[in-house]
1. Of the residues GLY52, GLY85, GLY18, GLY93, which single one is in contact (Cβ under 8 Å) with a residue 40 or more places away in the chain and surrounded by fewer than 16 Cβ atoms within 10 Å (Cβ to Cβ)?
2. Residues to consider are GLU118, GLU76; find the one that is out of contact with any strand residue (DSSP E or B) (no Cβ under 8 Å at 6 or more places or on another chain) and either modelled with pLDDT of 95 or more or polar (S, T, N, Q) (or both).
3. Can you name the number of the only condition in (1) closer than 18 Å to ILE159 by Cα; (2) buried (at least 16 other Cβ atoms within 10 Å of the Cβ); (3) in contact (Cβ under 8 Å) with a residue 24 or more places away in the chain that GLY197 fails?
4. Just the residues that are surrounded by 22 or more Cβ atoms within 10 Å (Cβ to Cβ), in a strand (DSSP E or B) and not hydroxyl-bearing (Ser, Thr, Tyr), please, taken from segment 229-264.
5. Answer with yes or no whether VAL80 is of a type in the set (A, V, I, L, M) and under 21 Å from GLU40 (Cβ atoms).
6. For a quick check of your reading of the model, give me the residue pairs whose first member lies in segment 176-193 and is closer than 16 Å to ASP231 by Cα, whose second is surrounded by fewer than 20 Cβ atoms within 10 Å (Cβ to Cβ) and polar (S, T, N, Q), with beta-carbon atoms closer than 8 Å and at least 6 apart or on different chains.
7. Within segment 216-266, take every residue that is within 21 Å of ASN7 (Cβ to Cβ) and of a type in the set (Lys, Arg) and give me the one that is nearest to the chain's Cα centre (by Cα).
Amino acid sequence: MKIISFNANGIRSAANKGFFDWLRVQDADVTCIQETKAQEDQLTDPLFRPDGHHCFYRDAITKKGYSGVAIYSKREPDEVRTQLGWAPFDDEGRYIEARYGKLSVVSFYIPSGSSGDERQGFKYACMDFLAPIFAEWLSSGRDYVLCGDWNIVRARNDIKNWTSNQKNSGCLPRERAWLNGMIADACGDGTPAPQRGWVDSFRALRPDAVEYTWWSNRGAARANNVGWRIDYQIVTPSLRPKLRDCQITASPRFSDHAPYAVDYLP
């Protein structure tokens, strides 16, 4: 099974840059997309309904052309969910879940706080809202793959300029402590890891690698590889033995993010 997670920063823009041509040859079973920046009725072109896929969108209803998540699936899910129960989060189009038997694949778009204090406060509120949900999912007995742009780095190996970003959203101590406090490995920032927690698929497969999934559009960040690893597939411990391989596709460039793919054993 192959799952891809990708922040498109505008699905129509990514399409114009060849994303769907690339996706066609990836043979992915499930593709999770974030930041569609479109309403579903704007995506009537067959391009946005790839052949052989069941396609599901969760648009932002608070502001058109904003946020939005999607799931493309070769197999028709048993169920698709688009609400977690808190309107400020749900209405921005930040969550969609496809269920297949005991497996759930989720496309998440955690807010960024980089625009100022108000959005950083909303990001913290979302973190507080999501924490008990993640704890419930972890103990539910279901297998979960949490895909998406989390807008948080975990540790020094996940960001080019660790020291200079300590006061910037996405690298703040409170953010890192929240994320690392859920993940049971030794690849975080020193935050105590739980004895039983989620698994960062990339770090499980490549514990010492330095690779990034996002680069600022400012300056020559991409050319100089001044990046951040903020796109994840975080999985329940039950899926740890099934992690086979992973890949970040930095080139060709479809958005300011790179697709992140994980191969799972059957």
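1. On the way: GLY52 fails: in contact (Cβ under 8 Å) with a residue 40 or more places away in the chain; GLY85 fails: in contact (Cβ under 8 Å) with a residue 40 or more places away in the chain; GLY93 fails: surrounded by fewer than 16 Cβ atoms within 10 Å (Cβ to Cβ).
Within the list GLY52, GLY85, GLY18, GLY93, the selection yields GLY18.
2. Details: GLU76 fails: out of contact with any strand residue (DSSP E or B) (no Cβ under 8 Å at 6 or more places or on another chain).
Answer to the check: GLU118.
3. So GLY197 meets the others, but not (1).
4. Matches in segment 229-264: ASP231, GLN233, ILE234, VAL235, HIS257, VAL262.
5. Details: of a type in the set (A, V, I, L, M): yes; under 21 Å from GLU40 (Cβ atoms): yes.
Judged against the criteria, VAL80 is a match.
6. Here the result reads ARG176/THR191; ASN180/THR191; CYS187/ASN157, each pair linking segment 176-193 to a residue that is surrounded by fewer than 20 Cβ atoms within 10 Å (Cβ to Cβ) and polar (S, T, N, Q).
7. Going through the qualifying residues, I end up with ARG229.
The values are calculated or read from the model by the stated rules, or taken from the named source; none is laboratory data. Everything numeric in this text was worked out from a predicted model, so none of it was measured. Counting neighbours? That spans all protein chains shown, and the Cβs are built from the backbone with ideal geometry, glycine included.
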